[in-house]
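We did not get these values from a lab; they are worked out from the coordinates using the rules stated. Because the structure is predicted, anything quoted here is derived from the model rather than measured. We place every Cβ from the backbone using ideal geometry, glycine too, and count neighbours over all the protein chains shown.
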Amino acid sequence: MPEELTFFETSNISSSFNLVYETRDIRMDVTDLVKNHIYSSSVFPNNGFIVKRNNTATSQSLHSIFDPTTATGSAEGNSTPLGNLKFFSRETHTIFPPKLEVEWDDSTWNTGSLSELSSTDLERLTVYFQNMKPEYKEKSKVKFRVVGRELYPTRGFETTPAALTIKTLPSGSRTIEQGTYYSIKDAHTEDVIIPFSTGSIVSCDSSGNYFNVWMNGFQPERFYRFEIKVVSGSGVDQTSMIYDDDYEFKVVR
């Protein structure tokens, strides 16, 4: 197996998560593992994932990876009680079975003739959704329109009232240093289904800000809630605000 071992030495076939005393679910980055399945399935066939305690050995053979009792320093082979962990399979009766999340940046930014909210506007901002429905089908793809406007617009003589003038929220970026992002939580359990990340950047077109959501990634017959995060400025002047005003919807069969 010389070729396979050479490939192993330069490839990540495991991911880790540092457990602390808390109740939130584990969210682990398994990008490298999935890439190995895709690019070298003959060396690393897709037999699913195994969840176990870590091997602390500095060098491991392929055998020690899959037989933890042979790995020096392995917590799996330690006879000392290290506490109990609960794992749930896909046949679990809980509402959140383990799942593989695929994240990508599908955002686009084209403001057309719209102007961006000023830093003063962002300090006194109200955020709301346009034409948000109470229910969506589980196999649908939905474009959500989100609007940010100044909470107390300055009075003036304009053909269009300031309260009805659409302006754009800050544009997002892959580095999450500034911009507008959305998150989706289970409305009952507060479990985060989609976190603020490079896969939840809010887009913009000539009609305003929006983002797309594929409903087939949610458990049907449950309620969910949006949160909107606006990050503006940089350095010591950077501000980050989260808007959670019961933007709730239900996914139905």
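Details
- Derived scalar couplings between HN and Hα for the range 218-227 equal 10, 6, x, 6, 10, 9, 10, 9, 7, 10 Hz in order, rounded to whole Hz, by the Karplus curve 6.51 cos²θ - 1.76 cosθ + 1.60 (θ = phi - 60°), x for Gly and Pro.
- Pairs from K143/K250; K99/K185; K139/K250 whose Cα-Cα separation, in the structure shown, is over 18 Å: none
- Cβ-Cβ distance of W214 and N78, R₀ of 51 Å, FRET efficiency by 1/(1 + (r/R0)^6): the value works out to about 0.75.
- Each residue of the range 240-246 was assigned a 3J(HN,Hα) from its phi angle through the Karplus expression (A = 6.51, B = -1.76, C = 1.60, θ = phi - 60°), giving 10, 10, 10, 10, 9, 10, 6 Hz with x at Gly and Pro.
- Label point at D246 placed 7 Å out along Cα→Cβ; residues across the range 168-197 whose backbone nitrogen lies under 16 Å: 187-188
- Couplings 3J(HN,Hα) of the range 102-110, computed from phi: 10, 10, 8, 8, 9, 6, 9, 9, 8 Hz, in residue order, whole Hz [Karplus 6.51 cos²θ - 1.76 cosθ + 1.60, θ = phi - 60°; x for Gly and Pro].
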